[in-house]
Amino acid sequence: MNNYKTNCRQFYYCLSLLFILFLTGCSTRFLPIQSPDLIIADDLAIYKSEGITLTVTEQMWIKDPQFLSDHYTTFWIKVQNNTSQPYKVRPSSFALLDEDRNQMDVQDQEQVLDLMLQNETLYIDRFLMSTQSQQEILQKRQLIQKNIMLDSFSFGDILPHASKQGIIFFPKVKGNINQLVFVFNNKEITFQRIK
């Protein structure tokens, strides 16, 4: 009996891995296009200007909630302050343009959390649900909150010779878009769609 359970667990584990690989293979990626003032390394675009180094890549969300990618296009960024003065980073420092130059603004962490938690079971009926079901729902909500809060970029001051990194969220781009332009303080970095 123990051997059967172990084999079932291994089978489901392998099936899960195959499913993740399938999703990764089917997902659309955007890679940075070389320009004179950019350094491209792997899938990263690195831009240096006035004591600030920005590293950016389009990055698919892979944690819970899995459906976040249905609502948002996500980029991982790192901003390094190479000066001796604090450097302020605001959500308005960033924008995303599609190939028709339609602008999408950064969605703050609270907006993302509100939408993601809204999709989960919000109403727990103490009389109809078991205590275990209630706890599972609450634990899932806590995990979603934790993942989004830990992985989000934290806007505000970056201290001298320090850096901040994390995910920023834009509204989901349409599936037929071939190019995106990531904007940081008027610097445009073009990303090309690959399949």
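The set of residues from the range 65-118 being at pLDDT below 95 and more than 22 Å from G175 (Cα to Cα) comprises D108, Q109, E110, Q111, L113, D114, L117, Q118. Select from the range 70-95 the residues that are crowded, with 16+ Cβ neighbours inside 10 Å, under 18 Å from the mean Cα position of the chain (by Cα) and not polar (S, T, N, Q) and list them in ascending order. Within the range 70-95, H71, Y72, F75, W76, I77, K78, V79, V89, F94, A95 qualify. Of the residues examined, T53 is one that is over 14 Å from the mean Cα position of the chain (by Cα), assigned to a strand (DSSP E or B) and at pLDDT 90 or above.
For the range 144-195, give me every one of the strands (runs of 3 or more DSSP E) that falls completely inside it and has 2 or more residues that are over 15 Å from the mean Cα position of the chain (by Cα), buried (at least 18 other Cβ atoms within 10 Å of the Cβ) and in contact (Cβ under 8 Å) with a residue 12 or more places away in the chain.
Numbers: elements: 156-158, 163-171, 179-184, 187-194.
Result: 179-184, 187-194.
Summed over the range 27-50, residues that are over 20 Å from the mean Cα position of the chain (by Cα) and charged (D, E, K, R) total 3.
Being of a type in the set (S, T, N, Q), part of a strand (DSSP E or B) and within 20 Å of I40 (Cα to Cα) is the filter here, so list the residues in the range 56-101 that pass it. Quick ask: steps written out before the conclusion?
Narrowing the range 56-101 to residues of a type in the set (S, T, N, Q): 57, 59, 66, 69, 73-74, 80-85, 92-93.
Cutting the leftovers down to part of a strand (DSSP E or B) gives us 57, 73-74, 80-81.
Answer for the range 56-101, where residues must be of a type in the set (S, T, N, Q), part of a strand (DSSP E or B) and within 20 Å of I40 (Cα to Cα): T57, T74, Q80, N81.
The values are calculated or read from the model by the stated rules, or taken from the named source; none is laboratory data. It should be emphasised that the depicted structure is a prediction, and the values quoted were computed from it without experimental measurement. When we count neighbours, we look across all protein chains shown, and the Cβ atoms used for this are built from the backbone with ideal geometry, even at glycine.
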